[in-house]
Amino acid sequence: MGRGRVQLKRIENKINRQVTFSKRRSGLLKKANEISVLCDAEVALIVFSTKGKLFEYSSDPCMERILERYERYSYAEKQLISNDQQPPNENWILEHAKLKARVEVLHRNQRNFMGEGLDTLSLKELQNLEHQLESALKHIRSRKNQVMYESISELQKKDKALQEQNNVLAKKVMIMLYSFSLKFHYYCCLDFKELVMCPLSL
């Protein structure tokens with residue numbers, strides 16, 4: 001004889017409820033990962049316990065990309081349905097709630113990037129966070145090297161320009177010295193002739 005259908009209702013015993021939550025949560029996260037891998041689907045799963053502890057799974061290293069896609073799709077779909085049914089104020093309320101939720105997610109991510117609020121993160125979430133930080137650090141180092149290279153290249157150009165200016169000035173100085181030397185030699189010759197010719201005239 002087959003088992004009868006189990007009626008779902010809240011588990012009154014606190015310990016049993018916590019054990020069931022832990023088991024079901026693990027199974028749910030496992031199923032989310034399986035459908036993501038087997039079917040190449042984008043999956044985002046968010047679970048809050050009764051104590052407010054967050055558990056999440058994302059097939060994308062950055063869950064925000066999936067959430068943003070969901071928000072765009074959900075918002076566009078609801079707009080088509082509600083434009084003729086809801087007054088403008090309700091649309092603004094919906095948009096405000098979505099923006100508020102998005103800001104909360106961004107604040108939480110910012111705290112995580114600063115090394116805060118990590119106690120509630122699972123191993124998968126910590127690995128995703130580590131991957132994002134490594135990727136960001138890679139881009140930062142790449143940009144830093146590029147800026148350093150551009151700075152060195154600019155300094156080399158300035159150094160070359162200064163050397164060219166020094167060469168031009170050196171040539172001008174040599175020309176001036178040569179011209180002065182010629183004039184000095186010329187006047188010395190004139191003085192010498194005057195000295196030689198002076199006694200003869202006497």
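Summary of computed values
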| read-out | value |
| --- | --- |
| Test: GLY52 is among the small types (Gly, Ala, Ser) and modelled with pLDDT of 90 or more | no |
| Residue in the stretch 8-15 that is open to solvent by less than 50 Å² (accessible area, probe 1.4 Å) and either modelled with pLDDT of 85 or more or in a loop (DSSP other than H, G, I, E, B) (or both) present | no |
| Members of the stretch 102-120 that are open to solvent by less than 80 Å² (accessible area, probe 1.4 Å), closer than 20 Å to LEU45 by Cβ and outside any loop (DSSP other than H, G, I, E, B) | VAL105, ARG108, ASN109, ASN112 |
| Qualifying residue in the stretch 140-150 (condition: at pLDDT 85 or above and within 21 Å of ARG65 (Cβ to Cβ)) | yes |
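The values are calculated or read from the model by the stated rules, or taken from the named source; none is laboratory data. Note that the structure is predicted; figures quoted are calculated from it, not measured. Heads up, the Cβs are rebuilt from the backbone with ideal geometry, glycines too, and the neighbour counts pull from every protein chain shown. Just the protein is used for accessible areas: all its heavy atoms, side chains included, with ligands, DNA and RNA removed. Shrake-Rupley method; radii C 1.70, N 1.55, O 1.52, S 1.80 Å.
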